[in-house]
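Here is the structure we will look at.
The values are calculated or read from the model by the stated rules, or taken from the named source; none is laboratory data. Source: prediction; values computed, not measured. All Cβ positions, glycine included, derive from the backbone under ideal geometry; neighbour counts span all protein chains shown.
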């Protein structure tokens with residue numbers, strides 16, 4: 001009687017939290033291999049001071065492993081090889097800020113979204129030749145960097161060029177980090193990125209980079225799995241639990257507001 005009354009006094013939210021925690025799947029301590037690119041700060045990247053791979057997604061996966069009782073083994077792979085490798089079952093989960101898209105769903109299964117991002121234009125800090133997508137497209141001398149298979153490569157979606165993937169103004173790089181290095185070096189003039197990662201690069205650049213123009217589109221990010229993976233449902237349950245208990249909000253604050261790259 002006293003215990004029941006005490007719990008009732010804490011309100012329905014507390015009871016719901018207990019119920020949801022009890023309902024979470026238990027993966028029995030199994031080892032799950034997660035592959036990532038380590039080139040998409042602040043989601044996942046290598047800290048230059050420590051040499052350790054860190055970021056939002058690493059923290060989220062660690063939180064999921066505790067919620068669902070599994071161990072994580074991390075592997076590294078380039079972006080263009082990630083979806084094929086996960087599709088073939090070489091890895092259990094892929095994570096690198098992967099946009100949920102119907103064409104990719106033909107090759108891999110996605111988790112529920114763990115983050116929503118808005119596409120922005122990242123340029124050098126002293127850029128004055130263009131201020132938006134239209135003025136960039138109008139200047140034939142300007143170049144854009146992209147990674148094969150990424151959303152920025154589908155230029156028609158964001159009305160940057162003409163939708164032709166073979167356009168010579170598109171310069172391809174293996175990693176996202178390499179696109180930003182090329183931008184800073186003057187080898188290209190524009191990188192499309194999500195607003196959160198772009199803000200991280202701008203903050204760490206000391207004025208060398210900035211964001212221009214309007215936001216170009218909205219993307220939902222998810223983890224990827226081999227088709228038919230039995231991990232999709234548990235991970236989805238874990239993501240919902242992390243949303244409900246405030247973990248994802250805390251990670252957003254840690255990595256997008258408080259963390260200062262390069263310090």
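Scan segment 211-248 for residues that are over 15 Å from the mean Cα position of the chain (by Cα) and surrounded by fewer than 13 Cβ atoms within 10 Å (Cβ to Cβ) and jot them down. Listed by number, the residues that qualify are 214, 228, 230, 233, 246.
With the requirement that a residue be modelled with pLDDT of 80 or more and either assigned to a helix (DSSP H, G or I) or crowded, with 23+ Cβ neighbours inside 10 Å (or both), what does segment 184-198 give you? Before the answer, list the steps.
Quick first cut of segment 184-198, residues modelled with pLDDT of 80 or more only: 184-193, 195, 198.
Within segment 184-198, 184, 185, 188, 190, 191, 192, 193, 195, 198 meet the criteria.
Among the residues of segment 39-56, write down those that are touching a residue at least 12 places away in the same chain (Cβ under 8 Å) and either out of contact with any helix residue (DSSP H, G or I) (no Cβ under 9 Å at 6 or more places or on another chain) or not assigned by TED's automatic domain parsing to the domain that holds residue 240 (or both). Lay out the reasoning, then the answer.
Going through segment 39-56, the residues touching a residue at least 12 places away in the same chain (Cβ under 8 Å) turn out to be 39-45, 48, 53, 55-56.
Matches in segment 39-56: 48, 53.
Of everything in segment 137-163, what is at pLDDT 80 or above and touching a strand residue (DSSP E or B) at 6+ places or on another chain (Cβ under 6 Å)? Give them in sequence order. Scanning segment 137-163 gives 143, 144, 145, 146.
Taking segment 25-39 as the range and being at pLDDT 95 or above and part of a loop (DSSP other than H, G, I, E, B) as the test, the residues that pass are 25, 26, 27, 28, 29. Where strands (runs of 3 or more DSSP E) fall wholly inside segment 55-130, the ranges with 2 or more residues that are closer than 30 Å to residue 209 by Cα are 93-99, 115-124.
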